[in-house]
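Heads up, the thing below is written out as structure tokens.
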Amino acid sequence: MLFRLRAILFVLVMTLIVVPWCAVVVGSVVTPQPFRYKLAALWTRWAMYLARALCGVTWKVKGWENLPKGPAILLPKHQSTWETFWLPSFMPQRLSFVYKRELHLIPFFGWGMAVLGMINIDRNKGQDAFQQVVKSGTEHLRDGWWIVIFPEGTRTAPGSTKRYKTGGARLAVATRTPVVPIAVNSGECWPRGVLIRRSGEITVSIGPAIPVEGRSVEEVNAAVESWIETEMRTLAPHRYTAPYAPLRDSVAASAG
């Protein structure tokens, strides 16, 4: 019972804090972008420590040494909201998430995202939307950002896998930027659609950077999927009944 009360307290505190904090971020629109980013990341980091203190959600990281010194595109497994908080809190570079523009319509939270200068897309524009991602992504990488794209496109339940879309691999090939696959088992402690967080340790496993020179989009995407899904069987072996096998022929994958 005490744990449930602490978990509910976490949700209540987060709900109360998000409005004034986002208002501060929106108000900082007149300041340089790096300052706005640090202000927003301060909130996400605070949320991580609050979840640890109240809900017992801790974390460990494998593979810090695999992060490149230069430009990178991060392609993480997406099981939970947790990694969208953890990544900007602890990655050594500013992160530009690629996300749908409709999120800007969410009061306060969406408004705060809008002033951060990340890459937002109008998904109704099809191929034109991707060209905008390439243009903005090239500029962000040049300015020292790392790009974050969730290759499955949405959150997946622990033990499940969705078709890996090729948007991240396409951007990497177009900009000649290495990709970094990341496996995470956050859904064990912070499941989608569940109010109560579960105590436990989340593992973030950072894979070796995958170079794109001489590789096709399909080859890069297949390498990302293979590394992440194989690693997931190490992080959460109780969730899987068989070794990793590709969901489909990567050559036939959709552009996503």
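Within the set of pairs 6 or more residues apart or between chains, which connect a residue that is modelled with pLDDT of 90 or more inside the range 229-256 to a residue that is polar (S, T, N, Q) and outside any loop (DSSP other than H, G, I, E, B) with Cβ atoms less than 8 Å apart? What qualifies is GLU231/SER205; THR234/SER205; LEU235/THR203; LEU235/SER205; PRO243/THR230; TYR244/SER226; TYR244/THR230. Scanning the range 103-113 for residues that are closer than 16 Å to THR84 by Cβ, open to solvent by 30 Å² or more (accessible area, probe 1.4 Å) and at pLDDT 90 or above returns LEU103, HIS104, ILE106, MET113. Report yes if PRO181 is closer than 17 Å to VAL61 by Cα, surrounded by 19 or more Cβ atoms within 10 Å (Cβ to Cβ), modelled with pLDDT of 95 or more and in contact with a helix residue (DSSP H, G or I) (Cβ under 9 Å, 6 or more places away or on another chain), otherwise no. Spelling it out, PRO181 is indeed closer than 17 Å to VAL61 by Cα, surrounded by 19 or more Cβ atoms within 10 Å (Cβ to Cβ), modelled with pLDDT of 95 or more and in contact with a helix residue (DSSP H, G or I) (Cβ under 9 Å, 6 or more places away or on another chain).
What single numbered condition from (1) surrounded by 17 or more Cβ atoms within 10 Å (Cβ to Cβ); (2) under 30 Å from CYS55 (Cα atoms); (3) of a type in the set (Lys, Arg); (4) out of contact with any helix residue (DSSP H, G or I) (no Cβ under 7 Å at 6 or more places or on another chain) fails to hold for LYS165? Only one criterion in (1) surrounded by 17 or more Cβ atoms within 10 Å (Cβ to Cβ); (2) under 30 Å from CYS55 (Cα atoms); (3) of a type in the set (Lys, Arg); (4) out of contact with any helix residue (DSSP H, G or I) (no Cβ under 7 Å at 6 or more places or on another chain) is unmet by LYS165, namely (2). Scanning the range 54-70 for residues that are under 19 Å from THR84 (Cα atoms), in a helix (DSSP H, G or I) and either among the charged types (D, E, K, R) or at pLDDT 95 or above (or both) yields a single hit, TRP64. Of all residues in the range 81-92, those satisfying the criterion of being within 18 Å of MET113 (Cβ to Cβ) and either at pLDDT 95 or above or outside any loop (DSSP other than H, G, I, E, B) (or both) are TRP82, GLU83, THR84, PHE85, TRP86, LEU87, PRO88, SER89, MET91. From (1) under 19 Å from ILE202 (Cβ atoms); (2) at pLDDT 95 or above, pick out the condition that doesn't hold for TYR37. Every listed condition holds for TYR37 apart from (1). Among the residues of the range 117-159 satisfying the criterion of being in a helix (DSSP H, G or I), free of Cβ contacts under 8 Å to residues at least 40 places away in the same chain and within 21 Å of HIS78 (Cα to Cα), which is most open to solvent (accessible area, probe 1.4 Å)? Out of the qualifying residues, it is ARG123. For ARG94, the stated conditions do not hold, so it cannot be described as closer than 29 Å to GLY207 by Cα and open to solvent by 60 Å² or more (accessible area, probe 1.4 Å).
Residue-wise test of (1) touching a residue at least 12 places away in the same chain (Cβ under 8 Å); (2) within 30 Å of ARG123 (Cα to Cα); (3) of a type in the set (Phe, Trp, Tyr).
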| position | (1), (2), (3) |
| --- | --- |
| PHE10 | yes, no, yes |
| VAL61 | yes, no, no |
| ASN66 | yes, no, no |
| PRO76 | yes, yes, no |
| THR81 | yes, yes, no |
| THR84 | yes, yes, no |
| PHE90 | yes, yes, yes |
| PHE97 | yes, yes, yes |
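Residues considered: GLN79, GLN33. Of these, the only one that is open to solvent by less than 40 Å² (accessible area, probe 1.4 Å), polar (S, T, N, Q) and within 19 Å of SER186 (Cβ to Cβ) is GLN79.
The values are calculated or read from the model by the stated rules, or taken from the named source; none is laboratory data. If you're wondering where the values come from, they're calculated on a predicted model, not measured in any experiment. Please note: Cβ atoms are built from the backbone with ideal geometry, for glycine as well, and neighbour counts cover all protein chains shown. These accessible areas exclude ligands, DNA and RNA; they are computed on the full protein's heavy atoms, side chains included. Shrake-Rupley method; radii C 1.70, N 1.55, O 1.52, S 1.80 Å.
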